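Chemist: Just passing along the structure, written as structure tokens.
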Amino acid sequence: MKAFLLRMYDIYEFLLRFYKEAFLPPYEYKEIINQFFDVGIRSLSIISLTGFITGMVFTKQSRSSLAEFGATSWLPSLMAIAIIRALAPLVTALIVAGKVGSHIGAELGSMKVTEQIEAMEVSSTNPFKFLIVSRVLATTCMVPILAAYMGLVAMLGAYVNVHFNEETSFTTFFQAAFVRITFIDIAVLVLKSAVYGFTIGFTGCFNGYYADHGTVGVGRAANTSVVISMFLIFVEEMLIVQLVHSYLH
Amino acid sequence: MSIDRGNAVISLRDVHKSFGEMAVLKGVDLDVFKGENVVVLGRSGSGKSVLIKIIVGLLLPDRGTVRVLGCAVGSLDTRELQQLRSKIGFSFQSSALYDGMNVRANLEFPLVRNKRNLTRKEIDEAVAQVLDDVGLSQTINQMPSELSGGQKKRIGIARTLILHPDIMLYDEPTAGLDPVTSEEINDLINEVQQRYNSSAVIITHDLTCARFTGDRVVMLSEGKFIRQGSFDEVFNTDDTRVQDFYNYNFITKA
Ligand SMILES: Nc1ncnc2c1ncn2[C@@H]1O[C@H](COP(=O)(O)OP(=O)(O)OP(=O)(O)O)[C@@H](O)[C@H]1O
Ligand SMILES: [Mg+2]
């Protein structure tokens with residue numbers, strides 16, 4: 001219990017330090033840009049693939065229930081809602097947590113135990129700004145972009161399935177799909193993806209930065225980063241959906 | 001070049017450091033003079049790394065004063081501390097090369113972080129120069145994971161030399177290396193001292209390294225310096241802690 005409270009205090013301190021370092025100059029522009037690319041490139045291919053499959057499979061699964069009511073013409077708009085409101089941000093976040101979160105945890109963990117972080121500190125570099133702020137900013141900004149991208153790819157997957165079953169044309173499909181999508185849906189997608197992105201970057205950095213000495217610590221940092229950030233993403237999803245429903249719909 | 005006994009570049013007074021309940025340093029005094037190589041001997045866990053991390057301000061002492069190049073390390077602001085650290089080369093126990101960068105980027109790092117207005121040409125020349133100093137010019141485009149332990153150590157030392165530091169801190173420069181490579185590192189340490197007239201603190205449990213590189217040897221045990229003097233003076237004693245250290249070293253080597 002005492003250990004838990006101490007941990008919470010560490011997290012609180014880390015968060016405070018993050019805000020301080022993130023907003024005060026100097027800014028590590030170059031490293032931030034590097035990290036943006038790193039996060040994007042690291043997850044682009046798997047997100048494309050998963051997005052496409054998710055869209056296709058979900059459409060296939062939903063068809064039978066809609067067919068019972070003779071309502072397969074609703075498929076495009078139903079899929080758009082499911083993908084934009086729920087699937088794209090959640091699946092993207094989970095993939096990035098697995099792919100990038102674990103990488104951040106392991107990378108910072110090994111930098112910690114092999115004294116690389118201290119080496120930076122003696123080279124006139126604030127490791128917190130250079131390593132942590134840049135990574136957290138990168139995940140926070142890239143997850144929304146990746147989620148929006150996955151939304152489009154998943155819609156493409158849905159279209160492929162619909163096209164082969166109902167012979168709907170490309171324009172008809174997307175016109176039908178987007179009638180029900182509002183600006184608010186897009187805004188919520190971006191905002192909640194940003195929250196997930198922050199969670200992933202922050203959890204990875206925290207666990208890596210506080211990795212115990214030795215190589216065991218590095219593995220544990222990577223593992224804990226993934227498990228904790230996935231768990232937090234689900235909790236946040238639940239809270240955000242509650243919030244959005246009570247205020248917007 | 002010679003040792004200037006009137007000019008202490010590092011001076012520690014009554015330095016104490018504990019982690020939780022565990023007292024690691026219990027009142028350490030040390031002066032390192034201009035141009036002098038001081039070797040710190042001590043068993044694993046005796047606090048040698050802690051001691052030099054205190055010298056560069058990576059750790060703060062609980063009690064006592066640390067003065068380096070005339071500055072009281074504990075009372076500097078961020079800028080002054082950076083300025084001071086740019087005059088100190090720290091060669092880490094684990095080499096601490098940045099995994100994500102190749103050798104060139106590793107060597108450039110301290111340079112571009114400390115001096116923001118260098119031209120590409122000046123940077124390239126400085127990198128080529130230090131690589132040549134450590135005899136590893138061919139590795140310039142390799143990643144740290146592709147280097148051997150001894151090469152990593154030498155690149156780590158090159159990375160600190162690039163700023164021409166006044167003080168070098170070597171944390172176990174020869175640990176885990178074969179005798180031939182160790183000797184190369186020892187030569188390098190002496191060469192650096194000669195060429196830049198720099199001072200150094202060399203942490204080691206390798207007595208060959210201690211004898212070869214140290215102008216003076218101090219021995220850390222149970223949080224204090226129990227002996228100091230020339231290599232022979234330190235080991236010419238009945239103190240069993242010192243003798244054990246000596247015997248152990250040569251028995252395990254043989
Ligand atoms: N940041 C830290 N937090 C807590 N304890 C630490 C920290 N750094 C060092 N210690 C502890 O201080 C003691 C001395 O550590 P130090 O690394 O200085 O030993 P050393 O003499 O360098 O040993 P070695 O020869 O194995 O490198 C060890 O027991 C270590 O666990
Ligand atoms: Mg050590």
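Chemist: Of the beta bridges DSSP finds with both residues in the protein assembly as shown, what % are antiparallel, to the nearest 5? Display every interim value, and only then the final one.
Modeler: Values: 22 of 41 bridges.
Antiparallel bridges: around 55 percent, rounded to the nearest 5.
Chemist: Which residue fluctuates most in the GNM of chain A (Cα springs below 10 Å): A:46, A:104, A:233?
Modeler: Top of the fluctuation ranking is A:46.
Chemist: Here is a further query. Amide H to amide H under 5 Å from residue B:200: which residues, 5+ apart in sequence or cross-chain, H placed 1.01 Å off N in plane?
Modeler: The answer is B:36, B:37, B:38, B:168.
Chemist: Want the number for residue B:117 to residue B:183: 0.36 nm per residue separation, take away the alpha-carbon distance, what's left? Walk me through the intermediate numbers first.
Modeler: Working: separation 66, 0.36 × 66 = 23.76 nm, distance 3.74 nm.
Result for the pair: 20.0 nm of gain on full extension.
Chemist: Simple spin-label model, 7 Å along Cα-to-Cβ: residue A:190 to residue A:5 in nm?
Modeler: In this crude label model, residue A:190 to residue A:5 measures out at 4.3 nm.
Chemist: Using 0.36 nm per residue, how much length does the chain from residue A:15 to residue A:227 gain when fully extended, once their Cα-Cα distance is taken away? Walk me through the numbers on the way to the answer.
Modeler: On the way: separation 212, 0.36 × 212 = 76.32 nm, distance 1.94 nm.
Taking residue A:15 through residue A:227 to full extension adds about 74.4 nm, to one decimal.
Chemist: For chain A, I need the span (max minus min coordinate) of the C-alpha atoms along each principal axis, in Å, sorted largest to smallest.
Modeler: 67, 36, 35
Chemist: Another question about this same structure. Evaluate the relative contact order of the stretch A:28-248 (contact order divided by residue number), counting alpha-carbon pairs under 8 angstrom at least 6 apart; express in whole percent.
Modeler: Details: 311 pairs, mean separation 77.6, N = 221.
Relative contact order of the stretch A:28-248: 35 percent.
Chemist: Mind checking B:51-59 for the average number of partner chain beta-carbons within 10 Å of each residue's beta-carbon?
Modeler: Working: counts 0, 0, 3, 0, 0, 3, 2, 6, 1.
Per residue, the number of nearby Cβ atoms from other chains is 2 on average.
Chemist: OK, next. When averaged across all projection directions, what area in nm² does the alpha-carbon convex hull of the protein assembly as shown cover?
Modeler: Working: hull surface 120.2 nm².
Value for the protein assembly as shown: 30.1 nm².
Chemist: Net charge within 13 Å of residue A:224 by Cβ-Cβ distance, Lys/Arg positive one each and Asp/Glu negative one each, not counting residue A:224 itself? Could you put the intermediate results ahead of the total?
Modeler: Working: positive: A:7, A:220; negative: A:212.
Summing Lys and Arg as +1 and Asp and Glu as -1 gives +1.
Chemist: List the aspartates and glutamates whose alpha-carbon lies under 13 Å from that of residue A:192, not counting same-chain residues fewer than 8 positions away?
Modeler: A:236, A:237
Chemist: Okay, moving on. On a 26 Å Cα-Cα criterion, which of the cross-link pairs A:129/B:26; A:30/B:121; A:112/B:17; B:26/B:53 come out too long? Write out the running numbers ahead of the final one.
Modeler: Details: A:129/B:26 34 Å; A:30/B:121 20 Å; A:112/B:17 21 Å; B:26/B:53 16 Å.
As for pairs spanning more than 26 Å Cα to Cα, those are A:129/B:26.
Chemist: Could I have the simple spin-label model distance between residue A:53 and residue B:99, label points 7 Å from Cα toward Cβ, reported in nm to one decimal?
Modeler: If labels sit at residue A:53 and residue B:99, their model points lie 2.8 nm apart.
Chemist: When we measure straight from the Cα of residue B:48, which aspartates and glutamates land under 13 angstrom away, once same-chain ones fewer than 8 places off are left out?
Modeler: Cα-Cα hits under 13 Å: B:171, B:172, B:222.
Chemist: Another one. How big is the Kirkwood radius of chain B, worked out from every pair of different alpha carbons and given in Å to one decimal?
Modeler: Numbers: mean 1/r = 0.0533 Å⁻¹.
After inverting the pairwise mean of 1/r, the radius is 18.8 Å.
Chemist: Report the relative contact order of the stretch B:23-79, percent, no decimals, based on alpha-carbon pairs under 8 angstrom and at least 6 residues apart.
Modeler: Details: 27 pairs, mean separation 12.8, N = 57.
Taking the mean separation of contacting Cα pairs over the length of the stretch B:23-79, I get 22 percent.
Chemist: Take the alpha carbon gyration tensor of the stretch B:124-254, find the square roots of its eigenvalues, order them as a ≥ b ≥ c, and report rounded if a/c is under 1.5; if not, report prolate when a/b exceeds b/c, else oblate.
Modeler: On the way: a/c = 2.74, a/b = 1.81, b/c = 1.51.
Prolate, because a/c is 1.5 or more and a/b exceeds b/c.
Chemist: What is the spin-label model distance, in nm, from residue A:71 to residue B:138 if the labels are put 7 Å beyond Cα along the C-beta direction?
Modeler: Modelled inter-label distance: 7.3 nm.
Chemist: A follow-up question, please. Before rounding to the nearest 500, sum -39500 (n - 2.57) across all DSSP H runs of length at least 4 in chain A and divide by the residue total; then give [θ] at 222 nm in deg cm²/dmol. Please report the intermediate quantities before stating the final value.
Modeler: Numbers: 10 runs with 198 residues, N = 249.
The per-residue figure over chain A is -27500 deg cm²/dmol.
Chemist: OK, next. Find how much the distance from residue B:224 to residue B:243 grows on full extension, using 0.36 nm per residue of separation minus their present alpha carbon separation; answer in nm with one decimal. Present the calculation step by step, with values, prior to reporting the outcome.
Modeler: Values: separation 19, 0.36 × 19 = 6.84 nm, distance 1.67 nm.
Between residue B:224 and residue B:243, full extension yields 5.2 nm more.
Only the coordinates and a few stated rules stand behind these numbers; no lab work does. All of these numbers come straight from a predicted model, not from anything done at the bench. A quick note on method: Cβ atoms are made from the backbone with ideal geometry, for glycine too, and the neighbour counts reach across all protein chains shown.
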